[in-house]
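Chemist: Next up is a structure, given as structure tokens.
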Amino acid sequence: MDKICLVSSTGGHLAQLKQIIPILSNYNYFVVTEFNKMSDNNNKEEKYYLKQQERKNILFLYCALYNIIISIYIILRERPSIIISTGAGAVIPICLFGKLMGSKLVFIESFAKISTPTLTGKILYRFSDRFYVQWEQLIKYYPNSVYRGTIY
């Protein structure tokens with residue numbers, strides 16, 4: 001059976017990712033997100049935590065390096081066949097390393113981005129096996145994307 005990795009930063013990205021968990025009840029999946037009060041709930045799914053990674057933070061490089069190392073560890077340990085992500089920046093290492101190791105990559109562009117693309121979306125678009133936009137006007141930035149409406 002396929003193992004699915006659900007990966008996102010916290011906040012709205014994690015809230016979007018949680019919207020698809022109910023359709024995965026018959027699959028073996030785990031969640032990778034940043035650690036904070038929102039992500040630290042007692043749900044039944046297996047979780048791994050990344051460090052919160054904000055580009056304007058003075059510790060950005062340290063957090064990014066930590067996230068690269070933990071992402072490699074997670075991919076080697078879990079060997080997911082599919083990675084589904086809603087962004088943001090902290091997810092890039094796990095998505096790229098997973099892709100390098102043979103995982104299929106599905107990216108869902110953020111619900112909050114109505115008319116312009118995200119930096120994470122622009123990076124991962126090139127590597128995604130399936131790329132979804134939640135607003136039809138984003139197709140002009142991602143011509144091979146799929147629009148199926150929003151996940152809310």
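Chemist: Can you compute the helix-only [θ] at 222 nm over the chain? Use -39500 (n - 2.57) per DSSP H run of at least 4 residues, normalise by all residues, nearest 500 deg cm²/dmol.
Modeler: Numbers: 4 runs with 41 residues, N = 152.
Only helices count here, giving -8000 deg cm²/dmol.
Chemist: If you don't mind, another one. Would you work out the relative contact order for the chain, in percent, from Cα pairs under 8 angstrom that are 6 or more residues apart? Don't skip to the answer; put the middle values down first.
Modeler: Details: 282 pairs, mean separation 32.2, N = 152.
Relative contact order here is 21 percent.
Chemist: Let me ask you something else. With no solvent and one point per C-alpha, what does the Debye sum give as log10 I(q)/I(0) for the stretch 1-147 at q = 0.11, 0.14 Å⁻¹?
Modeler: -0.38, -0.62
Every number here is computed from the coordinates shown, using simple stated rules; none is lab data. Please read these numbers as outputs of a predicted model, since none were measured by experiment.
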